[in-house]
Every structure is written in C-alpha cells, then in structure tokens.
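A quick write-up on the structure given underneath.
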Amino acid sequence: MRLLLDPWPADYEAPIAFDAPESQPEVDVTVETGEWSAFPPGEAGRDTACCFVDGVRRVEARILADLDTGGFAHGLFGSLAAGYVRAAGCKAAFGDIRVARFLVMGNGALEGREFPLGSSTLSFAPCPAVLNTPEGVLAELQSRMRAAEAALAESMAGEGCVFVDGPSYRATSRFAVVGVIKRILNPYLGEPQFSLLGRLHKGERTPLFAITDKTYNRYSCYLRLSDPRALDHPLAGIVRIEIGAAVGVDAAKSLAGFAAAVLPSFASTAMRDPRAPQNLLPVGALEQEMRRRLGDSLLIRRAIEKELHEQRNR
Amino acid sequence: MSREIGKVLGTADAQPLDFWIAVPAEEPLQLDDVVLVRRALADGQMVTLYGIVDILVARHEGARLESDVFLATDGVLPLTHAVKAHVTVTRVEPEIFVPPMPGEPVFKAAGEDRDKALFFDVMTKRFPLGLSRDGEPVHGNFEFLDGSRGAHVNISGISGVATKTTYATFLLYGIFHSKLLGAAAGNTHALIFNVKGEDLLFLDKPNNSLKADQEALYAKLGLQPGAFEDLAIYAPVRRETLEMVPDTGARTEGVTPFAWTVKQFCEERLLRFLFTEAEDDSSQLGSVVERVESRLAHEDVRGLDGFDDLVACIQRHLDDWAGSYASGTRSAFERRLLSAAARVGHLIRGHVDDAERNVINWRKAQVTVIDIHNLHDRAKRFVIGVVLKRMFEDKEKSGTSRPLAFVVLDELNKYAPREGWSPIKDVILDMAERGRSLGLILIGAEQTASQIERRVVANSSFRVVGRLDLAEAQQHEYAFLPGPSRARAGILKPGTVIVSQPEIPIPLLVQFPFPSWATRESEARAAVTAAGKDPFRKFRS
C-alpha cells in the first residue's frame, strides 16, 4: 500500500471526495475527439482580458423567530458579496464588488431589518427560505450569493473570457462563461478515461466530454494547474471546467483551450493560499477583498445584538 | 483656496498633536506640505488643527508576501496602492486639544490658512528665511532675533557645499533690504569675518551669474536682488613692508589694511588674545598674562619700534613682573609669546601714519568684512578676539540695545570649542548670553554643533542645519530635528537648509535663492563688462 498526501489543510473540505450520486448523468466522451489523450499546453495571448468572478457569504448571526401566528422560524442575518478581478496584459485590478445583506427566515416569515452602525446604516433585506431548518436558511443565502455571481458575470458579457467560481455560470447560459470547479466530487468519467487525469502535466487537459442531465447540459474537461510533488496524490492540482452546451462545441473547444493555456499562470502556491493551486491567485485576493468589504464581523454582530435587545423595549 | 488632499486615517491612532492621513495615490502630496483639518465639537465650536507632513508612506494593500509585487506587476494578483502621510501638528486654533476624527477631510493649506499654520499671521515683524519646497515664502519672527524675545542664529553643516556663509549673508541681505528695520536700517551694522577664501570680499558687487528665474524668487520674498551697497573691507597689512598695504589676492581696490600700534596693544590690554589656545582652567598661565598685561598698560612704550622690541622688553622684565611664578610657567609664557610673535607680530607696529584709519571701525559702513583668511590660526584668533572685545565694549558703553549689530563668524568650533577655556571663547560666550540685551546678534556657523560650547548653541533662537554628516546628525545637539529631518539633512542640496525657530514646533525645510551679490571674483568682474563698460569704446570711431 502507498500513502499519498491530499495537500489541502484538514480544516477545508477535501478536494477529492467521490460521492456516489443518486443518478449518474449521461456522459459522452467523444464530442471533441475519438482518441482519448491529453491535449498539450496551448499558447494564449496575454492581452485577452481574463475576468474572475467570485462570491463570499457570511452568517452574521443565527436567529429563531417567534411568529405572531404561533410557531417559530429558523433564520439568519447574512451578508454576501460578489465581485470580479480583471486581468489583462500586466495589470490585474478589482472590478465592481457588490455587497448585499439579507434576513433569511423559513416558515413563511418575511421581514427586513434596518439599524444604525456608526455613521452608516445596516440594511438586511427580507428573504424567505423554502425549508425551515438551519441548513435550509443557509442554503438560501448560498443561492443568493450564486445568483449575485451570475448576475455579475452576465453583466460582463464581451469582456474577454469570464471565469466563474463553481457552477454559478449555469445561470448565464447564453454567454461564453467558464465555470471553474476546484473539487472533484463526481468523476463523471469511468475507466480508462479517468486514469488520464493522473498522467496530465501542467497546462495539459483532457478532451472535452458532454454531460447531459435533467437540469443542465454542458461540456466539461479536466486540466492540470501545477505538477504535484512526489508525495502528493496525482489528482492534486487538477481543476474541472464546465461550459454551457448552448455555446456550441466549437466555441467550447476554443474556450477550453484558452483556459488550459492561461489558468496555470494564475495558479496559487501553497505559501500564498492553503487551497493551492486550485484557488487561483486573483480569486484568493478577491475573496480577501470582499470579506473586507463585508465589514467587521464583530461590529456587525454587536449591532445586531443591540438591535435585538432594543426591540424588547419597543 | 485650501484644497482637499486626503482624509484622516482610522487604522492608526489620530492624536491631537499628530495623526496620519490617507492620500489618494494620484495626489502629489510631498514632505513639508502644510495641511489643516477641522473638528466640529458638540457645543458648536470649530477646532482647526494645522500641521506639516513629515512622513510619507506608500505600500501595496492586500499583499502578504514580499514577492507579491512581482505577481502584481505581471498582472496576476490584484493589489491596490495605498499612500499615507504623517502630520505633525504645529498649531491648534482655538487651543482645544482634541484629536481629528478619522474620515474628516484634510486640506492642503494655502494663503491665510498657511500663514496661520506657520504662525506668520502673528509675526508682527518678520524677516525672510527662504522659500518652502512648493515655492511659498517662509518667514522668521524677528522678535526672536532682535533680542526682544530671543536672539542669535546658529548654522551647522559640512563645508564645501557653500551653504553656511551664503545663508548667513542671505539672512543679512533680507534683514537689511526688507522694510523691517525702517529708519534704523542706516544705523544697523553687520560685521563679517571672512575666514576662508575670498568669498566675502565681493559682497558689494552684483552677481552677473544670477539667472532671471532667481529674481522671481527674490520678488516672492519681497526683496530686490542686488548687492550690499554700503560695505567696508578690512584686510591685514602685508608682512615685511613698512607701507600699509592690504594683504589680499583678488581684490585690492577699496580694501583698508588694518594693524594695531604697540601703544594700542598695551593700553587696550590685548596681550591675552595672543594666548588663545584652549587652556585648562587650573593653568597659571592666564594669571601671568594678566600680570604682564597690567604692567604693560602702565609702561612707557613710546620708544619701541615694533612687536619684536615689545617682546624683548617683556622678556627683560619678566623676572621682575612675574618673579613669583614657577619657572616652568614663566618659560611656558615666554615660549608662547615668541611663537605668537612670529605669527601675529606683523599686525602690531611701532608706528602707523594714520592709526585711526587702520583701526577696524565696525560702525563705518553698514556691513564690514574683515578678511583674515590668509592669517595663521593664531593671528585669526587674535583679530577675532580683539575686534569682538572692542565691539562688545562699544555696545556696553552705548548702554542701549539699538541699533542692532550682527556678527557673522564661521568655524565657531575653533573659537568656542566645547572643551577648555580661552579668552575668545569667553567673549563669544558673553555675546551669546548677554548679547541679546545689548543688541549684539551672533550669526555663528560651524561644521559640527556637537563640538561647540553648549551655551552658545543653546542661546541661539534660530537653529539652521545644512547638509550634515549622517553620524553627526545623530548627535544630541540635533535632537530638535525629528527622525525624517535628520535623514534628510544628509542629502540636502546646496541652497537648501532646515530651519528651526522657537514659535514653530517643527523645523522647516527652506530653499534660498542664488546670491544676487558676487561670491567670487569672476562673478563680480564679468558684471562690469556685461554692463557694456568697454574700456576701449572711446577709441572706436
């Protein structure tokens, strides 16, 4: 038996976690080529702008609401931000960063809250959650963040190549947007195709394969951002990208080629980001900047506590 | 008028006397800029804090590793620029010491605001110190120079960058040529010792190398460029000639030779100024000198023809006059007297045709230059000591501090060293301590203030620093310079000095215009031909 390292720190979810999905979607590995072998690293002009869209969310406080109609609702005060980094030529800069705050509650409760913090006002918009569970209200906040990411990505149509973290790109189906998935949860590929991943070198990608399922049809491929160390598992340093099927297979091919050419140069290193190399450098910096824009969590927590305290006197 | 240039920072403590401001990266704020910020109090009062930028910092925000800068310039990592500036508060109006609030706008002070920040609005009598980095005039409060609230200027700086004496003459030019002195200008005098080169022998000649743009700088200071019109120049008599001829090189015209007669030497008790090596207080030598001096004052010296005769006379009487001293002390006295005779003897003559003419009279002209640059060190000390003593006595006798008299003396470290005692140091110290009430203002200069008698420096209201050796800048004497100013003192260009004055709690960097008077022969000579005075024009048809 040989033991190999999963390089992400243990406090993060594992990057390689095979889940057995309930229904395996239909996968076609012949959409790009009949011969299943690695595509060599391509050349990409650095002048094409690359935009990286990402979002962050934060639960400021979990709450339980006593409803006037009896019963109670799970809820939370949540903040989220969506933003992007535009990298073109020798300049990478933050673009628009949008911050939104919600008071998410289940059980049909719908109410917003507004209260002062220093010289500004915190405004949590009302937001209903489908499920009245702590996980349900959190999932609602997450989907609001995904929606904000998608709205931002959509507003950037025509901006070179837009990379979106995770599956949020799906809401922008009409545009040439590339979804970057850091973790391998569903391999999609069977053997012998999947074993090609371990043999990819930096900048190489697998051929495209088509995924057809009930929710969304898309093209996908795996690509290697950096070569693993000898002690790392060969699947370390690999990301999967997805492109909506609506753009057509030719556009998907050229987007995949471009992504394989440019993404390794944005790969992070272990000393800069714990989730290296998959958490790309611009994305890591963007997350840090967006968390800053969310405001100080302790101050907001105190403001919420003050608001809830004063509400008893009202 | 005052323009917003940033906001008070909230990530560093803002205090009533110093605070940091965040500056937009495109704002060209620089060191020494004068700024102001206001703070509204709950009772409706508005407090204005004025200050000067003394530290500027730029950095990448969001960078965690040093090498992030490469990623940023490669266009991979997005980083933003942040510029912050530290402000030292110079004035709070009204005097309610509250911190400025983070987020408050900070303005670059202009016009009246700038005058307030630098106390120019309360200076009823002010004289030009120079121009700030942004070309605005910087004034000094004359009350701290003329003796009413303080006096004296001390200038430190390494030699060879033509800053110390040039700045001293610039200050004099400003004082004499602004309307500051009014009617007293005619009676106000300055005495300048020319200790090096012949730089100061052309003060009365306009400088032909003055560029047109410099005239605008003079105009900003309210001055007309020009020269010192009323100048008297004295130079030592030439050695080994009986005629009274000044011993100068480049300039001979208008130079009065100076010398003393043996009679003056004895009556005015000048012997002590031949013994000016710094001495240990316990030495008996001073006592022998005093004894001989008092005997000479009563001796009939009419028959003595020159200094050598006088020395012989002293040697003859020494056993009689100073018999009670140990023979070692007496021979030390003799030894020093003989060596002084070789160096100074030619300045003391048995007979001078017009003794009054050849005596230095510092009241003859507005500015008197005494050239001692080619005298031996010992003779320099003698001349300085005698002249200053005479001047001091004149002022004491007049009993009033007005009109003022300025004395410019370079190389103070030779004449008022920190260690030991000497008659000159005594005179200079007296001037530093009592000159203020006598209207006798010392503009002293030296390479290293750390080697000067502490009280001379401590009594100077204006402290000026030109370029300093960096090790010297760390000495305690420059404690009035904040850290960044000390570092800058090492890279000051000629024509730039840092000036500290009592009213402004932070030293200011000032530039002074190129001298409009000649500082060397070439600058003076060319002026004549440039003016079209062709000596041969009569011979052309």
Heavy-atom accessible area per residue - chain A, 1.4 Å, Å²: 49
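Any idea of the accessible area per residue across segment B:260-351, 1.4 Å probe, to the nearest Å²? The partial results should precede the final answer.
On the way: 4470 Å² over 92 residues.
On a per-residue basis, 49 Å².
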Just need the relative contact order of chain B here, percent rounded to a whole number, with Cα pairs under 8 Å and 6+ apart. 20
The size of the Cβ-based charge dipole (Lys, Arg +1; Asp, Glu -1) of segment B:243-312 about the Cα centre, to the nearest 20 debye, is 180
Defining a contact as two alpha carbons under 8 Å apart and six or more residues distant in sequence, what relative contact order in percent does chain A show? 22
What is the Rg over Rh value, at two decimals, for segment B:3-117, using alpha-carbon atoms and the Kirkwood definition of Rh? 1.07
Given a 1.4 Å probe and no ligands, DNA or RNA in the count, how much accessible surface is buried by A and B, both sides, to the nearest 100 Å²? 1200
Given A:Ala210, A:Ala20, B:Ser398, which one lies farthest toward the positive end of the charge dipole of the protein assembly as shown, if we put +1 on the Cβ of every Lys and Arg and -1 on the Cβ of every Asp and Glu? B:Ser398
Computed over segment B:3-117: relative contact order in percent, which uses C-alpha pairs under 8 Å that are six or more apart: 41
Accessible-area ranking of A:Met1, B:Met244, B:Met431, B:Met1, largest first, probe 1.4 Å: A:Met1, B:Met1, B:Met244, B:Met431
Among B:Met101, B:Trp421, B:Gly197, the residue whose Cα sits farthest towards the positive end of the charge dipole of chain B (+1 at Cβ of Lys and Arg, -1 at Cβ of Asp and Glu, taken about the Cα centre) is B:Gly197
Under the definition of partner shielding as Cβ atoms of other protein chains within 10 Å of a residue Cβ, what is the mean value for peptide B:73-85? 6
Over segment A:1-138, what number does the Rg to Rh ratio reach, with both radii from the alpha-carbon atoms and Rh per Kirkwood? 1.12
Rounded to the nearest 0.05, what FRET efficiency do B:Ala250 and B:Glu393 give with R0 = 35 Å and r taken as the Cβ-Cβ distance? Could you check? 0.60
How would B:Lys493, A:Lys306 line up by accessible area, probe 1.4 Å, largest first? B:Lys493, A:Lys306
In whole percent, and with a 1.4 Å probe on the protein chains, what portion of the accessible area of the protein assembly as shown is carbon and sulfur? 51
Apply 1/(1 + (r/R0)^6) to the Cβ-Cβ distance of B:Lys196 and B:Gln30, taking R0 = 30 Å, and write down the FRET efficiency to the nearest 0.05. 0.30
Given charges of +1 on the Cβ of Lys and Arg and -1 on the Cβ of Asp and Glu, with all other atoms neutral, how large is the dipole of chain B about its Cα centre, in debye to the nearest 20? 880
Give me the distance between the Cα centres of segment B:63-124 and segment A:38-91, rounded to whole Å. 35
Separation of segment B:239-268 and segment B:342-403 by C-alpha centroid, Å? 11
Whole Å is fine, so just give me how far the alpha carbon centre of segment A:294-314 lies from that of segment B:461-483. 53
Given the pairs B:Lys395/B:Lys425; B:Lys125/B:Lys211; B:Lys84/B:Lys164; B:Lys263/B:Lys389, which are separated by over 24 angstrom at their Cα positions? B:Lys125/B:Lys211; B:Lys84/B:Lys164
Calculate the FRET efficiency for A:Asp96 and B:Glu4 from the Cβ-Cβ distance with a Förster distance of 35 Å, rounded to the nearest 0.05. 0.85
Distant alpha-carbon pairs in segment B:350-470 (separation over 24 angstrom), percent: 29
Calculated diffusion of segment B:95-247, Stokes-Einstein form, Kirkwood radius summed over Cα pairs, 25 °C and 0.890 mPa s, µm²/s: 130
Using only the alpha carbon atoms of segment B:156-204, find the Kirkwood hydrodynamic radius as the inverse mean reciprocal pair distance, in angstroms to one decimal. 12.3
Taking 37 °C and 0.692 mPa s as the conditions, I'd like the Stokes-Einstein D for chain B in µm²/s, using the Kirkwood hydrodynamic radius from alpha carbon pairs. 125
Rounded to the nearest 10 Å², what accessible area does B:Thr11 have for a 1.4 Å probe in the complete protein model? 130
With the full set of protein chains present, the residues of segment A:82-111 whose 1.4 Å probe accessible area falls by 30 Å² or more relative to the chain alone are A:Cys90, A:Ala92, A:Phe94
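Chymotrypsin sites (Phe, Trp or Tyr not before Pro) within segment A:1-36: which are DSSP loop residues with at most 10 other Cβ atoms inside 10 Å?
In loop regions of segment A:1-36 (DSSP not H, G, I, E or B), the sparsely surrounded chymotrypsin sites (Phe, Trp or Tyr not before Pro) are A:Phe18.
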Let's see if you can work this out: charge +1 on each Lys and Arg Cβ, -1 on each Asp and Glu Cβ, no other charges. What is the dipole magnitude of segment B:260-351 about its Cα centre, in debye to the nearest 20? 160
Take each of the peptides B:53-59, B:304-310, A:280-286, average the number of other beta-carbon atoms within 10 Å over its residues, and list them starting from the highest. A:280-286, B:304-310, B:53-59
Roll a 1.4 Å probe over the protein heavy atoms and report the accessible area of B:Ser460 in Å², nearest 10. 20
Probe radius 1.4 Å, ligands and nucleic acids left out: which of B:Val83, B:Val311 has the largest accessible area, and how do the rest follow? B:Val83, B:Val311
Over segment B:454-520, with a single point scatterer placed on each C-alpha, what log10 of the ratio I(q)/I(0) does the Debye formula yield at q = 0.14, 0.15, 0.16 1/Å? -0.45, -0.51, -0.57
Obtain the radius of gyration and the Kirkwood radius of the protein assembly as shown from its C-alpha atoms and give Rg over Rh. 1.22
Cα extents of segment B:260-351 along the three principal axes, largest first, in whole Å? 37, 26, 19
19 Å tail of the calculated P(r), segment A:15-74, as % of Cα pairs: 76
I want to verify the translational diffusion coefficient of segment A:51-120 in µm²/s; compute it with Stokes-Einstein, Rh as the Kirkwood radius over Cα pairs, at 4 °C and 1.567 mPa s. 88
Please give every one of the lysines within straight-line cross-link reach of A:Lys182, meaning a C-alpha to C-alpha distance under 18 Å, and leave out same-chain neighbours fewer than 8 residues apart. A:Lys202
For segment B:348-418, what number results from the quotient of the Cα radius of gyration and 2.2 N^0.38 Å? 1.24
Filter the trypsin sites (Lys or Arg not before Pro) in segment B:277-338 to those in DSSP coil with at most 11 other Cβ atoms within 10 Å of their Cβ, and list the result. B:Arg302
Placing +1 on each Lys and Arg Cβ and -1 on each Asp and Glu Cβ in segment B:260-351, then taking the dipole about the Cα centre, the residue among B:Gln315, B:His351, B:Ser339 whose Cα reaches farthest towards the positive end is B:His351
Per the Kirkwood formula over distinct C-alpha pairs, the hydrodynamic radius of segment B:57-160 in angstrom is 18.4
Just the Kirkwood number for chain A, please: inverse of mean 1/r across all distinct Cα pairs, in Å, one decimal. 21.2
Tell me, which residues of segment A:251-280 get at least 10 Å² less accessible area when the other protein chains come in, versus the chain alone (1.4 Å probe)? A:Ser265, A:Phe266, A:Met271, A:Arg272
Per residue, how large is the accessible surface of segment B:50-148? Use a 1.4 angstrom probe and give square angstrom. 42
If one takes the longest principal axis of the Cα atoms in chain A, at what angle in degrees, from 0 to 90 and to the nearest 10, does the Cα axis of helix A:297-313 lie? 30
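The values are calculated or read from the model by the stated rules, or taken from the named source; none is laboratory data. Because the structure is predicted, anything quoted here is derived from the model rather than measured. Cβ atoms come from the backbone with ideal geometry, glycine included; neighbour counts cover every protein chain shown. With ligands, DNA and RNA removed, areas are computed over all heavy atoms of the protein, side chains included. Shrake-Rupley method; radii C 1.70, N 1.55, O 1.52, S 1.80 Å.
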